[in-house]
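Have a look at the structure below before the remarks.
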Amino acid sequence: MNAQMYLPREGDREIIISYIEYFRKMEDAQLHEQTEQKKKLGMFGAHQQTLNLIAFNIVMKERFNDSPLIIEDNCLIRFKVEGEK
């Protein structure tokens, strides 16, 4: 499974908020392009990537009421598999 764990650190909230602001400025098509880019890149366990994915998930749910990501128990982040809700 292509997933990674989120282990909170001091200062994460501010970084996530800045990523949220960045993603909110994007057009719908740009957000969908980001989805494809993130899937191609995969998850490699970097903390900064995790914060980016959390923010991306928040904005996708705000904008589309759906996200290509699933965050389980507020710590395991993974991409949905085909057909998964």
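The values are calculated or read from the model by the stated rules, or taken from the named source; none is laboratory data. From a predicted model like this one, the values you see are computed outputs, not experimental measurements. Cβ placement follows ideal geometry from the backbone for every residue including glycine, while neighbour counts extend to all protein chains displayed.
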- [ ] Hey, could you check segment 54-85 for residues that are outside any loop (DSSP other than H, G, I, E, B) and charged (D, E, K, R) and say which is surrounded by the most Cβ atoms within 10 Å (Cβ to Cβ)?
- [x] 78
Task: Residue pairs meeting the criteria (Cβ under 6 Å; at least 6 apart or on separate chains; first under 22 Å from residue 27 (Cβ atoms), in segment 64-85; second modelled with pLDDT of 95 or more and of a type in the set (Lys, Arg)) - done: 67/61
TODO: Filter segment 1-51 down to residues that are within 15 Å of residue 68 (Cβ to Cβ) and among the hydroxyl-bearing types (Ser, Thr, Tyr), then give me how many there are.
DONE: 1
TODO: Filter segment 1-49 for residues that are among the aliphatic types (A, V, I, L, M) and farther than 19 Å from residue 74 by Cα and give the result.
DONE: 26, 29, 31, 41
Task: Unique residue being in a loop (DSSP other than H, G, I, E, B) and not hydrophobic (A, V, I, L, M, F, W, C) when the list is 9, 13 - done: 9
Open item on the list: Among the residues of segment 33-43, are any within 19 Å of residue 83 (Cβ to Cβ), in contact with a strand residue (DSSP E or B) (Cβ under 7 Å, 6 or more places away or on another chain) and not aliphatic (A, V, I, L, M)?
Closed with: yes
Task: Per-region count, segment 19-53, residues surrounded by fewer than 12 Cβ atoms within 10 Å (Cβ to Cβ) and in a helix (DSSP H, G or I) - done: 9
